[in-house]
Structures are given as C-alpha cells and as structure tokens.
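Everything below concerns the one structure shown next.
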Amino acid sequence: MSANTAELLGAEELGFDDCTTPSIRIGFRLHYSTRQAVDTASTTHLAVGALQARIQAALHYIEDFPVSYNRTLLAGSLDYCIRALRRLGNGDHGPYKAIREYTEFALGLIGPYIGRVPDQWARLDFTLLSDRFENLQVLCSGGGVMPRLEDVTLKDIIDR
Amino acid sequence: MQRLLPYPAVLYDANIIVYYCFYCPVRLGERAEYLIQGELTEKVRTISDRLRRDGKTIKTIEVIMKEVTDVVLADAVRQRICNEEVREGVGLARGAQFPPMLELQILEKCRKSARKIQSAGWFVVDHYLAGPAEITALRQFFRNASVDPALRSRFSRHKRPVPSDQDLHLMSYSQVSRLPVLTDDGHFIVMRSELKTLGFATEIVPLRTVV
C-alpha cells in the first residue's frame with residue numbers, strides 16, 4: 001500500500017504503519033470499513049437523539065401557545081416526527097433528512113414567539129407548514145417508516 | 001323548532017357549526033373504532049336535517065367560518081379529549097398524555113367536515129362585515145348592559161362582557177338579512193330579547209330551546 005493510500009484510509013489512526021502483503025491489506029480494509037460503519041451508525045444515533053431532544057423541548061414550549069389549529073398542527077406534526085425517528089433504521093437517511101428539515105422549519109416558527117405569543121399568532125397562515133408536513137407524511141409512509149396521519153391507529157401509537 | 005320555521009334560512013353561530021362538524025371515528029386498531037363527537041353534535045345534526053328537509057338554507061358569514069377553522073374547532077377538540085370518558089374510550093391509561101398526533105388527526109377530520117359542508121348546496125357562507133358604526137353601537141350596548149344593575153347578573157363572571165368581533169358581525173348580519181341566529185353562545189343568549197327589541201338582531205334562538 002502506498003503512503004498516500006494508507007493516509008487516505010486512516011491507517012495511522014488505526015495503528016498500521018505499512019500494509020504491504022495482500023492479506024494484511026484485506027484485513028486492514030475490513031477493519032477499517034467495519035469501524036467506519038460503526039462510526040456512521042453512532043453519529044446518526046447521536047444526531048437522532050439530539051433531534052428528538054430538541055423536538056421534546058419545543059413541544060414543552062408549545063404548551064404555552066394559544067389553543068388553535070396552528071398550535072395543534074405544530075404539536076401534532078412534531079409528535080409525528082418523534083415517533084417516526086424512533087422507527088427509523090440506520091439506513092433510512094432520506095426520511096431522517098426530511099424529518100430534520102421539517103423540524104428545523106417548524107422550530108423556526110416557534111422560536112421568535114417563545115415567552116411572548118401575540119394574540120394574532122393563532123391566525124397566522126401556516127399553510128406552508130401544513131403542505132410540508134403533508135410531503136413528509138408521503139415520504140415516511142412510502143418508505144414504510146410511519147403511516148400517513150389519517151391512517152394512523154391508536155395501536156400504532158401505543159404499541160411502539 | 002317552531003321559531004325557526006317562518007324563515008327561509010337560519011344563521012349558525014360558531015359553536016353550532018363546531019357541533020355539526022365534530023364527528024370523528026378514531027381507529028383503535030385494524031377494525032375497532034371509537035367515536036369522538038361533540039356533546040351536542042347529534043342534536044345539531046338532527047335539527048340541520050329537519051331544516052334541510054323543510055327546504056331551508058343554513059348560513060353563516062366568512063369571519064365566523066374562519067374563526068371556526070382557526071380557533072374554535074381546536075378548542076372544542078382540546079376540551080373533548082380532556083374528558084375522562086373519552087380518554088378511557090380510546091384506551092389511554094389514567095394520567096397519560098393524549099398523543100398530540102392523535103389530537104391533530106381528530107382536528108384534521110373535523111376541519112375536513114367544515115370544508116365539506118361549505119361545498120354543500122344547503123350551507124352558504126356569506127361575505128358580510130358590519131360597518132364601524134354598527135360594531136361600536138353593539139359594543140357599547142354590551143358594555144352598558146354589563147354594568148346595568150338590572151342586567152349584569154345575567155353575565156358570566158368568567159367571560160368578557162363584550163362578545164368577539166366575529167359574533168358582533170353575525171348579530172348585525174341577523175338584523176340586515178332578517179334571519180334568526182341559532183346559537184349556544186352566552187353572549188347571544190343572555191341579551192336575546194334586548195337585542196331584538198333594540199333592533200340589533202332579528203331573532204336569537206338558543207339551541208337548548210329547540211326540540
């Protein structure tokens with residue numbers, strides 16, 4: 001293995017100075033790819049956990065918002081996201097990305113109003129949020145992660 | 001019911017529309033369902049069916065319909081899911097939080113009913129906004145009544161004495177259109193005879209008086 005290749009694959013980090021024979025090279029590659037997979041999985045796992053924690057915090061704040069369709073939409077859709085995240089497998093990067101993006105968008109609608117919700121907040125037009133939530137449901141149900149909201153049964157919620 | 005019959009159409013206030021729309025079977029599993037509905041949904045649907053059979057139109061105004069979809073339906077759903085009987089009905093453990101996702105599912109179904117009736121021929125949503133002079137006069141009437149020694153006992157201590165702007169517009173529309181308002185709202189009911197006598201509304205018919 002050339003020095004450049006070893007550097008590229010992170011040989012030093014793994015404790016290999018030189019991998020000249022084919023068997024060592026294969027062993028190195030296997031070792032490296034396993035470690036890479038574990039790293040990716042744990043990074044995703046940590047990211048999912050962090051996202052769930054952010055959503056939980058947002059749900060807590062939403063409790064103080066005036067009762068309205070907007071509040072129910074925010075709380076209900078974020079609850080959907082948390083449940084979908086729990087069901088995600090390690091390979092579900094598409095739904096994860098979509099959930100993360102939806103969540104960021106929803107949190108952006110909450111942040112400016114924490115602690116000072118104007119009366120008119122309940123009458124703000126949340127059509128865009130509603131449309132994006134619709135798209136998210138299509139993606140999650142298509143990927144087998146979570147049924148669309150209208151198809152969710154109480155069994156789906158309580159069993160999982 | 002007799003008081004509604006002389007009119008070609010009946011105006012519904014926000015609560016009556018909410019009762020009509022609040023009918024939501026929740027799927028417990030593959031086959032089992034539990035029906036969550038407003039406490040007076042059945043009554044309002046029966047009255048509405050009779051009015052339709054008699055060839056009456058049911059009406060409201062845009063600002064009331066918007067209030068229903070923005071706020072009042074969500075409030076009704078929230079109150080209903082806090083009911084212990086409903087919580088037991090869907091199988092929630094005592095003290096468990098009602099899942100926000102399920103609350104949204106129920107609300108979306110009710111909003112779907114609200115959209116559906118707006119496309120029905122027997123339900124008409126009129127565009128009407130009372131002028132500033134009419135609104136000011138109605139507000140002043142309620143303020144005066146709430147401090148009048150002979151009338152103030154009729155007002156709830158828990159509600160503001162002056163109705164919402166949406167309700168004021170509906171009262172005014174009742175007068176302009178010469179149509180009665182079917183209502184379950186205390187603001188309309190406590191002052192119904194005075195509103196009629198002073199020409200602020202044509203007729204106020206409390207839901208509980210209709211059989």
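Throughout, read-outs are computed from the coordinates displayed, never taken from laboratory work. Please read these numbers as outputs of a predicted model, since none were measured by experiment. Counting neighbours? That spans all protein chains shown, and the Cβs are built from the backbone with ideal geometry, glycine included.
What the table below lists for this structure:
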{"quantity": "Label-point separation in nm, A:Asp151 to B:His127, each point 7 Å along Cα→Cβ", "calculated": "4.0"}
{"quantity": "Within region B:1-75, trypsin sites (Lys or Arg not before Pro) in DSSP loop having at most 16 other beta-carbon neighbours inside 10 Å", "calculated": "B:Arg3, B:Arg31"}
{"quantity": "Value of [θ]222 nm, deg cm²/dmol, for chain B, DSSP H segments ≥ 4, -39500 (n - 2.57) each, nearest 500", "calculated": "-14000 deg cm²/dmol"}
{"quantity": "Region A:45-159, relative contact order [Cα under 8 Å, separation at least 6], %", "calculated": "31"}
{"quantity": "Of the trypsin sites (Lys or Arg not before Pro) in region B:68-152, those whose Cβ has at most 12 other Cβ within 10 Å and which sit in DSSP loop", "calculated": "B:Arg94"}
{"quantity": "Axial C-alpha extent at least 15 Å, average Kyte-Doolittle at least -0.5 - helices from chain B (DSSP)", "calculated": "B:132-147"}
{"quantity": "Among beta bridges that DSSP assigns inside the protein assembly as shown, antiparallel share in %, nearest 5", "calculated": "30"}
{"quantity": "Pairwise centroid distance, computed over Cα atoms, of region A:108-139 with region B:191-211, Å", "calculated": "39"}
{"quantity": "Links that overshoot a 25 Å alpha carbon limit, given the list B:Lys59/B:Lys109; B:Lys66/B:Lys159; A:Lys155/B:Lys116; B:Lys43/B:Lys116; B:Lys43/B:Lys109; A:Lys97/B:Lys116", "calculated": "A:Lys155/B:Lys116; A:Lys97/B:Lys116"}
